[in-house]
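J.: Here you go, one structure.
All of the numbers you see were taken from the coordinates with simple rules; none came from a lab. A quick note: this is a predicted structure, and the numbers were derived from the prediction, not measured. Cβ atoms come from the backbone with ideal geometry, glycine included; neighbour counts cover every protein chain shown.
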Amino acid sequence: MSSQALYRKWRSQTFDDLVGQAHIVQALRNAIAANRIGHAYLFTGPRGVGKTSAARILSKAVNCEQSDPRLRPCGECSACRAIVEGRAVDVIEMDAASHTSVDDAREIIEKVQFRPTQFRKKVYVIDEVHMLSTAAFNALLKTLEEPPDHAMFILATTEFHKVPATILSRCQRFVFNRHTIANTIAHLEWVAGEEGVFLEPGVAEAIARAATGSMRDAMSILDQLMGYGEPQIPLSRVQSLLGATASREVETLVAAFAGEDVAAALSVINTIADQGADLRQFTRDVVSYLRGLMLLKSGGSADLLDVGHDVLATMQSHSQQLALASILAWLKIFSGLDHQLRTTPYGQLPLEMAVVEALVVPAPVAVAAASPIRGGVAPVARPTPAPAAPQRPTPVAPAAAKVEPAIVEQPPQVVEAAPVAAVVAAQPLPEAEQHIVLAESEILLAEVEAVWLQVIEDLKPYNPRLQAVLKSCEPLGLEDNTLLIGTPSPFHTKQLDDQTQRRLIEDLLAKAVGRQIFVRGEEANRDQQNRARDARRQREEIMKDHIVKAARNIFDARIVGVQEDGS
């Protein structure tokens with residue numbers, strides 16, 4: 001006899017059981033208590049966060065026989081039991097991934113007219129609704145807008161941007177969050193206790209991190225670990241199964257950084273490699289830990305960190321020992337390793353090189369900088385590295401270098417790179433003026449420009465017409481996390497002002513650069529677009545020069561000016 005999967009056995013049955021979605025639970029409970037049930041809901045969010053479970057709970061609540069609406073669903077009445085046991089003919093669940101055609105939609109339209117045979121409400125739960133064909137969506141429109149009084153629709157999807165705007169406008173939309181590490185750990189430990197299994201310290205956290213916010217994935221991993229049939233699950237088994245590393249390995253590495261102990265840091269890397277752990281996952285864990293240190297050191301609240309209490313205490317200790325400039329420098333080094341580790345034939349070498357670079361190369365000093373598009377010189381100051389850190393000798397300017405005193409007060413280095421030259425300068429501020437100023441908008445604009453063509457290409461399956469419009473537009477700049485897109489005509493600007501189309505572009509941009517960016521169309525003449533395009537191409541050519549790359553790596557410098565060759 002086959003056993004039931006853990007995620008099905010312990011599926012949430014009441015609103016109290018629904019983990020990590022308090023905002024949705026409160027809204028639905030209020031609607032039920034006030035008898036203000038909508039006729040169509042859209043549940044959207046990542047996989048494994050409780051969308052289908054919430055749909056079933058809502059189905060029970062609207063049909064529960066409990067006299068007090070505040071206690072619905074009760075889980076005890078005949079209606080609640082019938083839905084839990086899967087024998088409720090008036091609650092129809094349909095997987096849109098396998099029922100995509102217009103005929104499937106027409107079947108729903110025909111049957112929805114008949115009154116429920118058992119319950120007050122006939123509920124249609126359509127999972128992965130974005131998989132329906134355009135014809136099927138069109139067929140459902142009228143029924144979804146004005147269904148019979150006895151009918152209710154609950155649509156669930158992981159990709160709401162694929163759902164037509166006409167459907168979205170007819171539904172009450174609820175956005176489900178990813179589960180936090182803390183919520184996942186607590187739930188895993190509770191389930192393990194109910195199953196009579198003991199989890200060694202660190203096991204639940206390792207599973208939670210591997211699940212990346214999906215409770216269903218976390219439960220599946222726990223189920224697999226329990227398959228060994230032993231009453232205790234050791235941390236070594238989780239590491240072997242997932243190729244994961246314990247959080248203490250990350251903490252040991254950061255402790256070596258704090259002590260400037262290169263040998264100890266390299267020892268951690270070799271231990272991780274010898275264990276057969278996934279080096280890319282380990283690097284991501286290091287980046288996540290360093291990000292937490294950055295937030296703490298910058299005065300951020302501990303609530304921003306999705307970690308357990310023990311890890312938080314260690315992070316707070318490390319944040320007091322380390323300088324913010326060092327943390328930022330390490331973040332830059334390790335956050336760029338993922339691609340190298342995926343493609344390198346040399347095993348852990350990129351990780352070892354990153355460790356040596358982090359501890360041997362000094363933290364960056366103040367750098368004069370300017371945006372090549374907007375012009376003007378703005379100082380970017382960073383704390384001077386601690387005296388104990390080893391110092392590199394100042395590089396000697398190449399034979400082609402020349403002095404440009406008009407750009408900075410101290411003699412800069414001008415690196416020739418045909419056909420243009422990049423001016424790279426390092427200028428420390430007086431000690432009293434040293435502070436951190438991050439030109440985040442410039443960095444982000446460069447990232448957007450790097451993925452712009454790919455974003456346009458990614459638009460094709462979603463909206464070919466919008467893709468054609470965007471091909472005629474150019475990114476002009478960033479203002480308050482809003483990307484200004486230069487358009488050639490009022491028609492193009494109007495297309496980008498459409499809420500649905502703008503959100504689609506924003507979603508694709510967020511996926512490409514890893515953070516939320518808003519967009520706004522702004523009509524620009526041909527000269528403005530040409531200047532922006534020329535500046536971008538010029539900057540790309542400069543960035544490829546090997547001398548410029550070396551200067552940027554050593555000083556963490558940025559381009560402050562461009563001059564033509566021979567001038």
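J.: Given a Förster radius of 51 Å and the C-beta distance between Asp17 and Thr344 as r, what FRET efficiency does 1/(1 + (r/R0)^6) yield to the nearest 0.05?
T.: 0.65
J.: Determine the distance separating the Cα centre of the range 33-91 from the Cα centre of the range 103-126; give it in Å without decimals.
T.: Measuring centre to centre over Cα atoms gives 16 Å.
J.: Counting other Cβ atoms within 10 Å, which trypsin sites (Lys or Arg not before Pro) in the range 33-97 have at most 11 and lie in a DSSP loop?
T.: For trypsin sites (Lys or Arg not before Pro) across the range 33-97 that sit outside H, G, I, E and B with at most 11 neighbouring Cβ atoms in 10 Å, the list reads Arg36, Arg87.
J.: How large is ³J(HN,Hα) for each residue in the range 499-511, as worked out from phi by the Karplus curve 6.51 cos²θ - 1.76 cosθ + 1.60 (θ = phi - 60°), to whole Hz, x for Gly and Pro?
T.: Couplings: 4, 5, 5, 5, 5, 4, 4, 5, 5, 5, 5, 4, 5 Hz.
J.: If neighbour count is taken as other Cβ atoms inside 10 Å, put Glu230, Glu146 in order from fewest to most.
T.: Glu146, Glu230
J.: Can you give the alpha-carbon Rg of the range 73-115 over 2.2 N^0.38 Å, where N counts its residues?
T.: Normalised by 2.2 N^0.38 Å, the Cα Rg of the range 73-115 equals 1.46.
J.: Provide, for q = 0.14, 0.17, 0.20, 0.23 Å⁻¹, the log10 of I(q)/I(0) from a solvent-free Debye sum over equal Cα point scatterers in the range 259-360.
T.: Debye output, listed in q order: -0.56, -0.81, -1.09, -1.31.
J.: By how many nm would the segment from Glu479 to Lys460 grow when fully extended, if each residue of separation counts as 0.36 nm and the alpha-carbon distance is taken off?
T.: 4.1 nm
J.: Can you give the FRET efficiency to the nearest 0.05 for Glu65 and Asp498, using r as the Cβ-Cβ distance and R₀ = 60 Å?
T.: Once rounded, the FRET efficiency stands at 0.85.
J.: In addition: Per residue Cα convex hull volume for the range 181-242, in cubic angstrom?
T.: 67 Å³
J.: A follow-up question, please. Would you mind getting me the FRET efficiency between Gln113 and Glu76? Use the beta-carbon distance for r and R0 = 45 Å, nearest 0.05.
T.: Efficiency for this residue pair is about 0.90.
J.: Same structure again: Give, in nm to one decimal, the length gained when the segment between Arg36 and Glu447 is fully stretched (0.36 nm per residue of separation minus the Cα-Cα distance).
T.: Gain in length upon complete extension: 143.4 nm.
J.: Extending each Cα 7 Å along its Cβ direction at Val356 and Glu195, get the distance between those two points in nm, one decimal.
T.: Once both label points are built, they end up 4.5 nm from each other.
J.: Another one. Could you list, in their original order, any pairs among Lys121/Lys162; Lys9/Lys111; Lys142/Lys460; Lys51/Lys121; Lys60/Lys111 whose Cα atoms are separated by more than 23 Å?
T.: In this structure, Lys121/Lys162; Lys9/Lys111; Lys142/Lys460 exceed 23 Å between Cα atoms.
J.: What number results when the radius of gyration of the range 146-262, computed over Cα atoms, is divided by 2.2 N^0.38 Å?
T.: Scaled against compact globular proteins, the figure is 1.53.
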